[in-house]
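A short write-up of the structure that comes next.
The values are calculated or read from the model by the stated rules, or taken from the named source; none is laboratory data. Not measured: the values here are computed from a predicted model. As a convention, Cβ positions derive from the backbone with ideal geometry for all residues, glycine included, and neighbour counts pool all protein chains shown. The area values use the complete protein model at the heavy-atom level, side chains included, leaving out ligands, DNA and RNA. Shrake-Rupley method; radii C 1.70, N 1.55, O 1.52, S 1.80 Å.
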Amino acid sequence: MSENSSPKLESTTATAGTKKPFPQWIKPKGKETELLINNSLTGGKVPFVFNENGNGRSLTWYACGPTVYDASHMGHARTYISFDIIRRIMKNYLGFNIQYVMNITDIDDKIIIRANENGISHSDLSKKWETAFFEDMKLLNVLPPDALTRVTEYVPQIVEYVEKIISNGFAYESNGSVYFDTAAFSKVHDYGKLEPNSVGNEKLAAEGEGSLTATTAVSEKRSGFDFALWKKSKPGEPVWNSPWGEGRPGWHIECSAMASDILGGNIDIHSGGSDLKFPHHDNELAQSEAFYGNRQWINYFVHSGHLLIDGLKMSKSLKNFITIKQALEKYTSRQMRMFFILHKYDKAMNYSPESMGYAIEMEKTFVEFFHTAKQILRDSPLSLPQFWTQAEKDLNKHLQSANEQVHQFILDNFNTSDALKTLSDLVNKTNVYIRTCTEQKTNPRLNLISAIAEYITYIFSVFGLTESSTAGSMIGFGSGAGKGNIEEEMTPILNALTQFRSEVRASAIAKDTTAILKTCDNLRDEILPLLGIKIDDKSATTAMWKFEDKETLKKEMEQKKEIEKKKQADKEEKERKLKEKFEKSKISPQQLFINETDKYSKFNELGMPTHDKEGVEITKSQLKKLQKEYDNQTKEHNNYLKSLQQSSPTLTSTQSPQ
């Protein structure tokens, strides 16, 4: 938009269906890489460019953090796990030195409302949920930020930021509040860079102002599309001093001021959920450009896609609101990360038992492969033949091809979904090779198996799925064990083995073979899984042990018990129905309806109802249903009599115990 043009922020309903183009994106100066990023500022993929500035491969990143007024939910998991994966890729795979800053919104309309409902101060409420949020992030293995900014700790800087925007002519004071002048800004800048079509959307603009402000502020604004930078506090709301009187920061201004304070006037990457594009992120961009007088505050804006629950938007009113802690009661942190890796970060995705089931099956594919590889490397001496036949050469080609494909997928907007499927295909080919070796009674080549397992482990460490971050130092997911004192780590295992030995000895002395087998099964099914050890029986006399994450094994135990519990319940219900059916079969058809005087008043000579309890004659359709029931009872009763006759031949067919 030219400086002399006249801005028009009209309601979008007037131009519904017209797609507005994205404003021109300024390609950063610096070194262009092969990495393509879906940049929300352009609406598509563009090459990632970074400015070396003598600091090597360095970049700055600002992440929109949570508004802490309630428990973090699966929508938060979607955003923060997705960007944690990307952050790890850029740092541990692409070699960037990242300065990662995230905010905490600890003062906001939602926080004030919830604190008043609970009868506590806003700071107590926000501290409680901030603590809970970071506990959830730790459980999800999400890396903490390099710098954390809280709104309540940055109020002086926010006030200064607002003053500068006013002095630059892009904001104004009104009745103790300060509003951003969208019309003035639009004369010299592009407003609504991320969602041009949402500019003028009255509903979205009002939602961005917060429920405590949206209606009361309308009369104070020059335009209904202006938004609050500083809000005059109402009675009972938290207050800070400012040149415009007591008040509190608006929602959008906080990110601009805090990100700028640490990262400056041009930031490489800004991330957040796609639901924040307009007005929040677009208003951030406007404020910051108004403050600095530049054309581009953020070079790359990346957004995570929406998360649906069983195909629907998550909502407490729909009773499909799932907190992170609730999800972790059912699935492990690794399974949830696997679930997100299987989906492209910037596309909508569906969370359901079926989609999580697919992620769990994918996890099992790799778990079993790692166990197999470890057993081969553990049990096969290097002195065995290591000469490469055509089978080894072909498998190595698959490894090299997978390496290149995964690399290209990662460079293509962090496409972890196809990268993971490529690794799964490599595992399948390796499993075929191992089975062929077994069938042909040849040994798998150890170095090749090791190279494949180590490569997959390395990529998994990049994605945050494993404990190790260095290729070759470990194979597989690890057992989840710590790195503390060996005696402390071994104590529970040794206690279990000592107890097992005592029980087996006692049963052996008593010559109770059944008890011995039961003790062995209990060790396998109940004791060792809780210690991170899984035993798979291969035959009546051989078994294979595996180290596994304790939480994974614990959840497998719980799921197995739930299945057994359901089987038992189904069995008992079936037995109950059979018993009920048998007891009913003892009744002769003539006696079937006679006692139902609450329904019927007259009966014929066969015991069939002829009139209902009111004395009204039974209709033909009712009589047809009753006759069907009568005939079925006749059949069941005759079967009952036959069974008695077989057990007692003296009982005639005309006799009845009734």
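For segment 48-69, a residue qualifies if it is assigned to a loop (DSSP other than H, G, I, E, B) and among the aliphatic types (A, V, I, L, M), and exactly one does: Val68. Answer with yes or no whether Ser219 is open to solvent by 50 Å² or more (accessible area, probe 1.4 Å) and modelled with pLDDT under 95. Yes; evaluated as a whole, the condition is true for this residue. Of all residues in segment 23-47, those that are at negative phi and acidic (Asp, Glu) have Cβ atoms under 8 Å from Cβ atoms of residues that are surrounded by 12 or more Cβ atoms within 10 Å (Cβ to Cβ) and assigned to a strand (DSSP E or B), 6 or more apart or on another chain, in Glu32/Pro47; Glu32/Phe48; Glu32/Val49; Glu34/Pro47. Scanning segment 1-24 for residues that are loosely packed, with under 12 Cβ neighbours inside 10 Å and either closer than 26 Å to Phe170 by Cα or modelled with pLDDT of 50 or more (or both) yields Ser2, Glu3, Asn4, Ser5, Ser6, Lys8, Glu10, Gly17, Thr18, Lys19, Pro21. Among the residues of segment 284-320, those that are among the hydroxyl-bearing types (Ser, Thr, Tyr) and either without any contact (Cβ under 8 Å) to a residue 24 or more places away in the chain or open to solvent by less than 10 Å² (accessible area, probe 1.4 Å) (or both) comprise Ser288, Tyr300, Ser304, Ser315, Ser317. The set of residues from segment 324-345 being β-branched (Val, Ile, Thr), over 9 Å from the mean Cα position of the chain (by Cα) and closer than 16 Å to Asp136 by Cα comprises just one member, Thr332. Scanning segment 344-373 for residues that are within 14 Å of Thr430 (Cα to Cα) and polar (S, T, N, Q), we see that the one that is modelled with the lowest pLDDT is Thr372. The condition of being open to solvent by 20 Å² or more (accessible area, probe 1.4 Å), modelled with pLDDT of 95 or more, part of a loop (DSSP other than H, G, I, E, B) and within 24 Å of Asp412 (Cα to Cα) holds for only one of Lys45, Lys27, that being Lys27. Within segment 546-570, residues that are over 15 Å from Glu329 (Cα atoms) have Cβ atoms under 6 Å from residues that are open to solvent by less than 90 Å² (accessible area, probe 1.4 Å) and at pLDDT 85 or above in these pairs: Lys546/His371, counting only partners at least 6 apart in sequence or on another chain. Being under 22 Å from Lys29 (Cα atoms), of a type outside the set (Gly, Ala, Ser) and part of a helix (DSSP H, G or I) is true of Ile262. Taking the criterion of being part of a loop (DSSP other than H, G, I, E, B) and open to solvent by 10 Å² or more (accessible area, probe 1.4 Å), the residues of segment 200-212 that qualify are Asn201, Gly210, Ser211, Leu212. Each residue in segment 65-80 was checked for being open to solvent by 20 Å² or more (accessible area, probe 1.4 Å) and either on the phi > 0 side of the Ramachandran plot or among the aliphatic types (A, V, I, L, M) (or both), and 1 pass.
Per-residue answers, yes or no, for (1) in contact (Cβ under 8 Å) with a residue 60 or more places away in the chain; (2) assigned to a strand (DSSP E or B); (3) of a type in the set (S, T, N, Q); (4) open to solvent by less than 60 Å² (accessible area, probe 1.4 Å):
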site	(1), (2), (3), (4)
Glu503	no, no, no, no
Thr514	no, no, yes, no
Cys520	no, no, no, yes
Ile527	no, no, no, no
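No other residue among Tyr172, Tyr191 is touching a residue at least 40 places away in the same chain (Cβ under 8 Å), at negative phi and in contact with a strand residue (DSSP E or B) (Cβ under 7 Å, 6 or more places away or on another chain) apart from Tyr172. Across segment 162-199, the qualifying residues are those that are surrounded by 19 or more Cβ atoms within 10 Å (Cβ to Cβ) and among the aromatic types (Phe, Trp, Tyr), and the one among them that is nearest to the chain's Cα centre (by Cα) is Tyr191. Out of Ala257, Ala228, one residue alone is of a type in the set (A, V, I, L, M, F, W, C) and either in contact with a Lys or Arg (Cβ under 7 Å, 6 or more places away or on another chain) or part of a helix (DSSP H, G or I) (or both). It is Ala257. The residue that is farthest from Arg337 (Cα to Cα), among those in segment 374-415 that are at pLDDT below 95 and in a helix (DSSP H, G or I), is Asp379. Would you say Gly224 is closer than 18 Å to Leu276 by Cβ and modelled with pLDDT under 95? So Gly224 does not fit the description; no. When Leu623 is tested against (1) open to solvent by 50 Å² or more (accessible area, probe 1.4 Å); (2) among the aliphatic types (A, V, I, L, M); (3) in a helix (DSSP H, G or I); (4) within 29 Å of Leu644 (Cα to Cα), exactly one condition is not met: (4). Test Ser233 against the criterion of being touching an Asp or Glu at 6+ places or on another chain (Cβ under 6 Å) and among the small types (Gly, Ala, Ser), and give yes or no. Here the answer is yes, as Ser233 does meet what is asked. Return the total of residues in segment 597-616 being in contact with a helix residue (DSSP H, G or I) (Cβ under 9 Å, 6 or more places away or on another chain), of a type in the set (Asp, Glu) and either surrounded by 12 or more Cβ atoms within 10 Å (Cβ to Cβ) or over 23 Å from Lys584 (Cβ atoms) (or both). So the count comes out to 1. Note on segment 533-584: residues that are under 30 Å from Thr491 (Cα atoms), at pLDDT 80 or above and small (Gly, Ala, Ser) total 1.
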